[in-house]
Amino acid sequence: MNDDNGVAMIPERMLDWQPLFEDHGIPLAIMGLCVVFAALVLVRVFIGLLPRIIAILDHFYPDPSAQSDSAPKPKVVPYVMPEQIPVVIAAAVALALKVPHRIVRTRELSQEELSWSLEGRRQHHASHRIHPRDRR
Amino acid sequence: MNPLENLVLKASELYQTTAFAELQIGNVVMILIGITFIYLAIAKHYEPLLLVPIGFGVIVGNIPAVSGMALGVYDDGSVLRFLYFGVEKGIYPPLIFLGIGAMTDFSTMLSNPRLVLLGAAAQIGVFLTFLGALVLQFTPQEAGAIGIIGGADGPTAIFLSARLAPKLLGAIAIAAYSYMALVPVIQPPIMKLLTTREERLIRMKPPRHVSRRERIIFPIAAFLICTLLAPGALVLIGMLFFGNLLKECTVAERLANTARTAMIDIVTILLGFCVGCSTSAQHFLTKQSISIFVLGAVSFAIATAGGVLFAKVMNLFTAEKINPLVGAAGVSAVPDSARVVHMIGLKEDPHNHLIMHAMAPNVAGVLGSAIAAGVLWSQLAK
């Protein structure tokens, strides 16, 4: 490339490494990452301590909802599944899989498995549709 | 002047009052891009809630204005200019964060706190891209705004670029939302490349029950921790945790419900449409935009890799193993990246449901990217 005087021009430099070593370069990046880690480590530590904090809090100011949880619970009557339900499940599975299948057993979810907020789970699942990548 | 000449003159004058007179090839290209966004949203279901408003906004923003008429987002006094005010001044992103907070269930994070660190690790993409943008001769302010694309958080990217690099706002917003929409395409190859089959099969223990008290205390305490360390994140994190408190306290259900439904929908429409409108070819089709898109892709890939690799490093020091796929959810594309983790996990083991485990780093990633934005803003604001 030549300029008006026919002198060869040097192409504009695309990469400039100098800014990396200035205040707003690598030092800022390291500092920023440290702040992010520090904040989230502190959040992590706090979450770790949270059950203890709750225990202390409960000692002085019991949680009414927890009290109702610890109150004597009515006797649980074993649930007997009506016959129609496995039939409906089997029909739904047959429709979805379209291959021979056999439902071996069904079970109720444990309390631990139900620990997730149902509302939160519903929203996460409903917010976007699942699209398998190999769909046709 | 004979009647024919008069007719031609009138036709010419009429032509000058149409948008065709000012239409350039760049506008046509952008209109095609807008149509492509709408196609991807409708046919491929890539982030339809965002890509439909943005895509249509791109079309609207590339209809050339007739001289003397204030129509576009850059024309003083136009209606679009008033709507764009919310983008330009960073009003919409915090409102979106309020809605996100009212939707977010932090129980996942509270039940397995070590996964929080994965949300921090993914922010390495932000800062490495920041350095990359500096090398490419962007100013530090522009580099900061570009780097935050790696956070995969559209509102945060808009919020920061409106403050640090308003001229690049359109390109950064489009890049951020494009990569958020392409999470199911970009992340899986990186996740598979960096993990072995054995690692992808790791099962994590079910989460513990989180009490209501914990869920109420957490947003207040976490807000204090985050904003005392990074005050620049005050607006975004404040609104996020305020929305979450509305949800968890259960006594303000009406407010929480409005925040997570009608309000966030309205703001999403306005934000997406206005961002699309800001991408007129004259402002958008530049070499800088191409660089921003390349850097954004790099940033996103590094962020994903950072989360996955950090999970593998954590596995070296802990007895209870983490499925490293979960690390990819450290980018804050909620809930898409968590869903991608879930899908990849299911492909390896149809009974290994990772979605709830992945939500922990996912929401931590939202915090991480907002804190990163706060740090960059506080350090780079002139």
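Determine, yes or no, whether B:LEU367 is of a type in the set (A, V, I, L, M) and within 14 Å of chain A (Cβ to nearest Cβ). Spelling it out, B:LEU367 is indeed of a type in the set (A, V, I, L, M) and within 14 Å of chain A (Cβ to nearest Cβ). Residue selection: B:THR104 satisfies the criterion of being within 14 Å of chain A (Cβ to nearest Cβ), more than 16 Å from B:GLY276 (Cβ to Cβ) and within 18 Å of the chain's Cα centre (by Cα).
Regarding the range B:343-358, can at least one residue be identified that is among the basic types (Lys, Arg), crowded, with 24+ Cβ neighbours inside 10 Å and out of contact with any strand residue (DSSP E or B) (no Cβ under 9 Å at 6 or more places or on another chain)? No, because not a single residue in the range B:343-358 is among the basic types (Lys, Arg), crowded, with 24+ Cβ neighbours inside 10 Å and out of contact with any strand residue (DSSP E or B) (no Cβ under 9 Å at 6 or more places or on another chain).
Pairing residues of the range B:126-143 that are more than 7 Å from chain A (Cβ to nearest Cβ) and over 16 Å from B:VAL294 (Cβ atoms) with residues that are assigned to a loop (DSSP other than H, G, I, E, B) and at pLDDT 90 or above, at Cβ distances under 6 Å and at least 6 apart in sequence or on separate chains, gives B:GLN141/B:ALA165.
Okay, residues lined up against (1) under 21 Å from B:ALA319 (Cβ atoms); (2) at pLDDT 90 or above; (3) within 29 Å of the chain's Cα centre (by Cα):
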position: B:MET180; (1), (2), (3): no, no, yes
position: B:LYS192; (1), (2), (3): no, yes, yes
position: B:THR196; (1), (2), (3): yes, yes, no
position: B:ARG200; (1), (2), (3): yes, yes, yes
position: B:PRO206; (1), (2), (3): yes, no, no
position: B:ARG215; (1), (2), (3): no, yes, yes
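So that you can scan it fast, the table gives a plain yes or no per residue for (1) of a type in the set (A, V, I, L, M); (2) on the phi > 0 side of the Ramachandran plot; (3) outside any helix (DSSP H, G or I):
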site	(1), (2), (3)
B:ILE35	yes, no, no
B:TYR46	no, no, yes
B:LEU51	yes, no, no
B:VAL60	yes, no, no
B:ALA70	yes, no, yes
B:ASP75	no, no, yes
B:GLY90	no, yes, yes
B:PRO93	no, no, no
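Within the range B:107-122, residues that are more than 14 Å from B:ALA311 (Cβ to Cβ) and facing another protein chain (nearest Cβ under 7 Å) sit with their Cβ atoms under 8 Å from residues that are of a type in the set (S, T, N, Q) and not in a helix (DSSP H, G or I), at 6+ positions apart or across chains, in these pairs: B:SER107/A:SER115; B:SER107/A:SER117. Residues of the range B:50-86 that are at pLDDT 90 or above and of a type in the set (Val, Ile, Thr): B:VAL52, B:ILE54, B:VAL58, B:ILE59, B:VAL60, B:ILE63, B:VAL79.
Tell me, please, whether a residue that is within 11 Å of chain A (Cβ to nearest Cβ), within 22 Å of B:GLY368 (Cα to Cα) and of a type in the set (Ser, Thr, Tyr) can be found in the range B:216-237. The answer is yes; a qualifying residue exists.
The values are calculated or read from the model by the stated rules, or taken from the named source; none is laboratory data. This is a predicted model, so every value here is computed, not measured. So basically every Cβ, Gly included, is an ideal-geometry build from the backbone, and we count neighbours across all protein chains shown.
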